[in-house]
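Chemist: Below are the structure tokens for one structure; questions will follow.
All of the numbers you see were taken from the coordinates with simple rules; none came from a lab. Quick caveat: nothing in here was measured; it's all calculated off a predicted structure. Here Cβ is always computed from backbone atoms with ideal geometry, including for glycine, and neighbour counts include all displayed protein chains.
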Amino acid sequence: MSEIQLWTTVFVVLSFGTYFFIAWRSRVSDTEGFYVAGHGVPAVANGAALAADWMSAASFISMAGLIAFLGYDGAYYLMGWTGGYVLLALLLAPYLRKFGKYTVPDFMGDRYSQTTRAFAAFAAIFVSFTYVAGQMRGVGIVFSRFLESSIEVGVVVGITVVLFYAVLGGMKGITWVQVAQYTVLIFAYLIPAVAIAQRLSGIPVPQIGFGQIMQELDQLQQQLGFSLYSDPFTSTSQLDVFLVTLSLMVGTAGLPHVIVRFYTARSVRAARYTAGWALLFIALLYTTAPAIAVFAKTNLIQDVANQPIDELPGWVDNWDDAGLITINDLNGDGIIQPNEAFDADGEIDVDRDIMVLANPEIAGLPAPIVGLVAAGGLAAAMSTAAGLLIVIASSVAHDVYYKMMRPNATERQQLRVSRLTMAGAVVISGFFGIFPPGYVAQTVAFAFGFAAASFFPAIVLGIFWKRCNAAGAIAGLVTGLSITAFYIIAVVYGGMTPWATISPSGFGAVGMLVNLAVTVGVSLATKPPPEHMQELIESIRYPAAVRRTTEAGRQ
């Protein structure tokens, strides 16, 4: 066992043991505890859990890697995901908490109709499975490199761990495990970033030091004949950058596993504080990601560009053995000559998902830090996977089984169905983790697109437009989700040429606009919602005003 394997094993065993202990102490026996942690999670803890739930393997493992290779254009991940969180926190979360339900389909069912609940449950499951595929892929990558197992074995280990604490503790157990996972992942992200910033720039604050290193990276890329790292719209069009950003923003505001986190808050006031704490915890990672991208790309170019193949550093061989770096001496001169994308068209193909994980090795940091980063990547992936499994389980057990099929089911029966559903979902998510539709962040971006095209219009209009009805919500959801799924599948798997340079990751914004237009059009063409529902929406948005009006009417 190498020193890196040893330290990785130490950190993984310690962190997994902590998760098991917390889950055992937090086990639940009622549906309220299983679905929404009994509405009793303090705001600070809820903020940390929300940050861990939301950031995922895409944020920890893949985002900085994509920014490293996309340059300026990769900033749409930062703008889209952080902007979307602010949109969710300010526009939706407090009002959804006032409804006091368990799930997003629960809101849709009570706001519109039981039929809408069924469509929303299907959409929640579809979005969640797409999202969880990226998380399981991240788990497999960590195990394949740092513990020298296959990606398949890594995925199986990951889903087994997640299944244990998710089934045992439900949302309550997941919440407190996610607090621990956030602690692990943020230290694992920041410690190497600070060390590398100090080593490269002499400034131990990554957010400050990376500007100097980015200028050096521009010079390196220019010397190789590449476009400047800081030049905009070199890898994609301005239109696509805008649409991907918009898709990620509104997708964030429509993600069911993020929205349900606000249902666990003790009150509407606590939900607002949860949003504030979560934004602070998220900012620690998101303001560091651009620096890590610059550091990793700079070190990568210096280590491999125009270097003899037989003199490449050891970390290249390590990741080559894991199947995540491929070297192909196309001209037979024994010298690595990369292309600008560092992909299969050049002499070295670097998987985007390895840059954060490989960064400590590339920078020559000691083995304990490498092991800590591996544990952080696992924490990020499993925290989000657990949240997604709760969404899948609650959509089936609560929204379909209990609300639509067996309204007289006991809590014990509901919990049994929830846990069985979760077990089945784990198996399916493991399959998607072994055969993912793309890079971690790319796969997650597809999930955000699906969420944007399905949930966002119905939720926003359901809160802020009393005239929106069930027919409109269903028509918009089906149309938006269908056209987005068709486009992504046709372009990614069917070889269809993208429309007007719109990438699959950005088409969710188009699907959202189509959904919005269809929802409004059908709602206006059909009967308005019942009067009592319009009054309920009014009371949620303006509780004090409605109370004063009611009291005045009584007088």
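Chemist: Which cross-chain or sequence-distant (5 or more) residues have an amide H under 5 Å from the amide H of ILE335, H modelled 1.01 Å from N in plane?
Modeler: HN-HN under 5 Å from ILE335: ILE309.
Chemist: I would also like to ask the following. Rounded to the nearest 0.05, what FRET efficiency do GLN198 and PHE435 give with R0 = 51 Å and r taken as the Cβ-Cβ distance? Could you check? Working shown, then result.
Modeler: On the way: r = 41 Å, r/R0 = 0.80.
Once rounded, the FRET efficiency stands at 0.80.
Chemist: Answer rounded, prolate or oblate for segment 200-241, using the Cα gyration tensor with square roots of eigenvalues a ≥ b ≥ c: rounded when a/c is under 1.5, else prolate when a/b is larger than b/c, else oblate. Numbers along the way, then the final one.
Modeler: Details: a/c = 4.96, a/b = 1.59, b/c = 3.13.
Verdict is oblate for segment 200-241.
Chemist: Is it possible to state the helix-based mean residue ellipticity at 222 nm for the chain, with each DSSP H run of 4+ residues giving -39500 (n - 2.57), the sum divided by total residues, to the nearest 500 deg cm²/dmol? What is it? Don't skip to the end; give the middle numbers.
Modeler: On the way: 23 runs with 398 residues, N = 555.
It comes out at -24000 deg cm²/dmol, rounded to the nearest 500.
Chemist: How large is ³J(HN,Hα) for each residue in segment 242-257, as worked out from phi by the Karplus curve 6.51 cos²θ - 1.76 cosθ + 1.60 (θ = phi - 60°), to whole Hz, x for Gly and Pro?
Modeler: These are the phi-based 3J(HN,Hα) values: 5, 5, 5, 4, 5, 4, 5, 5, 6, x, 4, 6, x, 6, x, 6 Hz.
Chemist: Need the full-extension length gain, TYR493 to VAL10, defined as separation in residues times 0.36 nm minus the C-alpha distance. One decimal, nm.
Modeler: Full extension of this stretch gives 169.8 nm more.
Chemist: I've got another one for you. Any lysines with Cα under 25 Å of the LYS172 Cα? List them, leaving off those in the same chain fewer than 8 positions away.
Modeler: Leaving aside lysines fewer than 8 places away in the same chain, those within reach of LYS172 are LYS98, LYS101, LYS403.
Chemist: What's the exposure ranking of VAL41, VAL241, going from fewest to most Cβ atoms within 10 Å?
Modeler: VAL241, VAL41
Chemist: Under a 5 Å amide H to amide H cut-off, with H placed in plane at 1.01 Å, what residues pair with ILE348 once short-range neighbours are removed?
Modeler: ASN328, ASN339
Chemist: How many nm is it between the label spots at ASP333 and ARG27, if each spot is 7 Å from the Cα in line with the beta carbon?
Modeler: Label at ASP333, label at ARG27, 6.5 nm between them.
Chemist: What does the charge add up to near TRP277, with Lys and Arg as +1, Asp and Glu as -1, over the other residues with Cβ less than 14 Å from its Cβ?
Modeler: +3
Chemist: Let me ask another. With 10 angstrom as the radius, rank ILE61, ILE125 by how many other C-beta atoms surround their C-beta, starting from the fewest.
Modeler: The order, fewest Cβ neighbours first, is ILE125, ILE61.
Chemist: Sticking with this one: Take THR326 and SER227, extend 7 Å from each Cα along the Cα→Cβ direction, and tell me the distance between the two endpoints in nm.
Modeler: Here the modelled spin labels are 2.4 nm apart.
Chemist: Also, I was wondering about something else. Quick check: from the Cα gyration tensor, does segment 1-140 come out rounded (a/c under 1.5), prolate or oblate?
Modeler: oblate
Chemist: Each residue of segment 335-351 in turn: what ³J(HN,Hα) in whole Hz from Karplus with 6.51, -1.76, 1.60 and θ = phi - 60°, glycine and Pro shown as x?
Modeler: Along segment 335-351, the couplings run 10, 6, 10, x, 8, 5, 8, 6, 10, 5, 7, x, 8, 9, 10, 10, 5 Hz.
Chemist: What is the local net charge at ALA445, summed over the other residues whose Cβ is closer than 14 Å to its Cβ (Lys, Arg +1; Asp, Glu -1)? Display every interim value, and only then the final one.
Modeler: Details: positive: ARG137, ARG352; negative: ASP73, ASP240, ASP353.
Residues close to ALA445 contribute a combined charge of -1.
Chemist: According to the square roots a ≥ b ≥ c of the eigenvalues of the Cα gyration tensor, what is the shape class of segment 335-395, taking rounded for a/c under 1.5, prolate for a/b larger than b/c otherwise, and oblate for the remainder? Mind showing how you got there, number by number?
Modeler: On the way: a/c = 6.20, a/b = 1.63, b/c = 3.80.
Oblate is the answer for segment 335-395, as a/c is 1.5 or above yet b/c matches or exceeds a/b.
Chemist: Among ASP106, ASP53, ASP231, which comes first, then next, by fewest other beta-carbon atoms within 10 Å?
Modeler: Ordered from fewest to most neighbouring Cβ atoms within 10 Å, ASP106, ASP53, ASP231 come out as ASP231, ASP106, ASP53.
Chemist: Please list 3J(HN,Hα) in residue order for segment 267-281, calculated via the Karplus relation 6.51 cos²θ - 1.76 cosθ + 1.60 where θ = phi - 60°; whole Hz, with x for glycine and proline.
Modeler: 7, 4, 4, 5, 5, 5, 5, 4, 4, x, 5, 4, 4, 5, 5
Chemist: If you don't mind, there's one more thing I want to ask. So how far apart, in nm, are the two label points at TRP465 and GLU216 if each is 7 Å from Cα heading toward Cβ?
Modeler: For TRP465 paired with GLU216, the spin-label model returns 5.3 nm.
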